[in-house]
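The values are calculated or read from the model by the stated rules, or taken from the named source; none is laboratory data. All of these numbers come straight from a predicted model, not from anything done at the bench. Note that we place each Cβ from the backbone using ideal geometry, even for glycine, and neighbour counts take in every protein chain shown. These accessible areas exclude ligands, DNA and RNA; they are computed on the full protein's heavy atoms, side chains included. Shrake-Rupley method; radii C 1.70, N 1.55, O 1.52, S 1.80 Å.
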Amino acid sequence: AEISSGLPIELIGIPIAILALLMAAGLYHKSLTRPFGKINNEYGEPILDFATLNRSKLRRVMLPSSVSGRETGIKELYGITFKFKGDEVEIRSFGVSPTVRVDNRPIVGELTLPDKSWIGIQGRLFNFLRSNEPALTESSYGDD
């Protein structure tokens, strides 16, 4: 039994395979977590909103769930990277100097950034907030 359409099966299969790969890549890209959360300075004033951060198209397409410190425009954050995965944010610092501290613990490598955590770098403090709730600056008593 011969196929009488005149087209070899390979000529039909290759474009279908390429189309399927492109669709899979598009679905994967769409499933990646987009940046979220805010950074305030030590006085509680908002200085960065990851969701509205103006990023280059190339970085938005190639690294949609990762923001380099350089992209933030905040000089002290230049040596770190923020990686967004689901409802978590990882902070990555692979340099030894300057040291980055999260809630007063030095990090080298990566660490999951807790909500309302403090990031200390180059003598400055930054407060990371996953939501719009203000950070507690005093100890609170309550439903422990």
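Grab the Cα-Cα distance for Arg70 and Lys30, subtract it from 0.36 nm times how many residues apart they are, and report the gain in nm with one decimal. Walk me through the intermediate numbers first.
Values: separation 40, 0.36 × 40 = 14.40 nm, distance 2.42 nm.
Contour length minus the Cα-Cα distance gives 12.0 nm.
Based on the Kirkwood radius over alpha-carbon pairs, what is the Stokes-Einstein translational diffusion coefficient of segment 1-97 at 37 °C with 0.692 mPa s viscosity, in µm²/s? Before the final figure, lay out the partial values.
Details: Rh = 16.7 Å.
Value of D from the Cα-based Kirkwood radius: 197 µm²/s.
Before I look further, what does segment 20-123 give for accessible area per residue, probe 1.4 Å, in whole square angstrom? Don't skip to the end; give the middle numbers.
Numbers: 6210 Å² over 104 residues.
Per residue, segment 20-123 has an accessible area of 60 Å².
Can you compute the modelled spin-label distance between Arg59 and Phe94, with each label point 7 Å from Cα toward Cβ, in nm?
A separation of 1.7 nm, rounded to one decimal place.
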